[in-house]
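The values are calculated or read from the model by the stated rules, or taken from the named source; none is laboratory data. Since this is a predicted model, take the numbers as computed values, not measurements. Every residue, glycine among them, receives a Cβ derived from its backbone with ideal geometry; neighbour counts consider all protein chains shown. Note: areas computed on protein heavy atoms with side chains; ligands, DNA, RNA excluded. Shrake-Rupley method; radii C 1.70, N 1.55, O 1.52, S 1.80 Å.
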Amino acid sequence: PITQINQAILHRNQEFQKAKENNTLPSSPACHPHFNHLPPNNGGQWNNTTKFKRILFYHARKAGGSSMNKYLVKVAQAYGIKIEWIEWNAMEEPGTQFDKEDTFYVTHLREPIARSISHFQYNGRWPCKTLQHREFEPTEENAYKLESWNETQGHEAKKTCHTRKNDVFRLGDCAVNCYTQWFGGLSCPRWEVPVEQQYEVAMSKLLKYNMIIVIDKLHDPKYVQAIENFFGVEGLLERGVPYCERMSHKANEKNPLVVTDETRARLTELNRVDLKLYHEISDCLEGGNYEDIPKWDGSRFVLDSFNFTQAKIDRQKAKAQKAMRSGE
């Protein structure tokens, strides 16, 4: 219900503003990642005794998430820890999950304008479903234009939320203030939440995460080494392959995209809230000093608590049973 949503927004905004006024906002998890746990019903107090059984990765679209997901699966398998991920839906907030295992939270960021343009090239210039048709030949004439990629849902403003009974936030294509929308989960039009309030909720959630990986820093070998030391596993730069990427890459190679200064300036203006969020989180990494990124602490996790082989068998059984029921 909208009343409950408004109450939750008010609580998050008050929490963020009070911490900001008192200069007690947590340090950015991009520069000061940690192995502390924020349990529910603990008055917002962290502890360093609860051991993690689950890694949760929030996957922001077209921000290097497929590669990060591949790497984190490798981390989870190395230590026998359960891993789950969220994409399209709102970010899970630490300290609010009563029905989940004790969770270590990870997400990532890419410079917002680069992310928006990459998203346009991936699914906004020619829809992925269209590229899958063998007879379709992508050309400049049948392409959507970057100049119209200027709304909260890509080429159009977000009009509604996917729902059966109640509004539920869900967002795939996005051109404008996408991090604020995904992390805050409050951009359903009927809720009428101003973007600045969405930003404060998004920041409140982000600052409770354990680690935020900044994709733009992966060109720095020292940063890559620091992240690999944090997780105790190599392979951070191994690329994942997003669905439809090969087709969209081939189409864009045949039809190189030209981004005018005017269009880039317009996207920059439209994404000013996301740019603020990005810089608030990542500017502390400027200068290349990564000494505050600690090394892996296996004592903070319940190692070998998840059996990947058995989980795969269980999924296959469930899939087979579902197929049998649908065929009855």
- Message: Can you tell me which condition residue 266 does not meet? The list is (1) in a helix (DSSP H, G or I); (2) under 20 Å from the mean Cα position of the chain (by Cα); (3) of a type outside the set (A, V, I, L, M), and all the others hold.
- Response: (2)
- Task: Could you grab me the full set of residues in the stretch 122-165 that are open to solvent by 60 Å² or more (accessible area, probe 1.4 Å) and either among the hydroxyl-bearing types (Ser, Thr, Tyr) or within 13 Å of residue 257 (Cβ to Cβ) (or both)?
- Result: 140, 144, 145, 147, 160, 163
- Note on the structure: Within the stretch 39-80, residues being open to solvent by 20 Å² or more (accessible area, probe 1.4 Å) and in a loop (DSSP other than H, G, I, E, B) number 16
- Task: Output the residues belonging to the stretch 176-194 that are at pLDDT 90 or above, hydrophobic (A, V, I, L, M, F, W, C) and part of a helix (DSSP H, G or I).
- Result: 178, 182, 183
- Which ones in the stretch 272-305 are outside any helix (DSSP H, G or I), farther than 24 Å from residue 220 by Cβ and open to solvent by less than 60 Å² (accessible area, probe 1.4 Å)? 301, 302, 305
- Task: Spot the failing condition for residue 208; the list is (1) open to solvent by less than 20 Å² (accessible area, probe 1.4 Å); (2) under 16 Å from the mean Cα position of the chain (by Cα), and only one is missed.
- Result: (1)
- Taking the options 236, 257, name whichever one is in contact with a helix residue (DSSP H, G or I) (Cβ under 9 Å, 6 or more places away or on another chain), under 30 Å from residue 35 (Cβ atoms), touching a residue at least 60 places away in the same chain (Cβ under 8 Å) and outside any helix (DSSP H, G or I). 236
- Message: I need every pair where a residue in the stretch 166-182 that is open to solvent by 20 Å² or more (accessible area, probe 1.4 Å) has its Cβ under 7 Å from the Cβ of a residue that is small (Gly, Ala, Ser) and not in a loop (DSSP other than H, G, I, E, B), sequence separation at least 6 or different chains.
- Response: 173/124; 173/154
- Per the list (1) in contact with a Gly (Cβ under 8 Å, 6 or more places away or on another chain); (2) among the small types (Gly, Ala, Ser); (3) on the phi > 0 side of the Ramachandran plot, residue check on residue 78 breaks on (3)
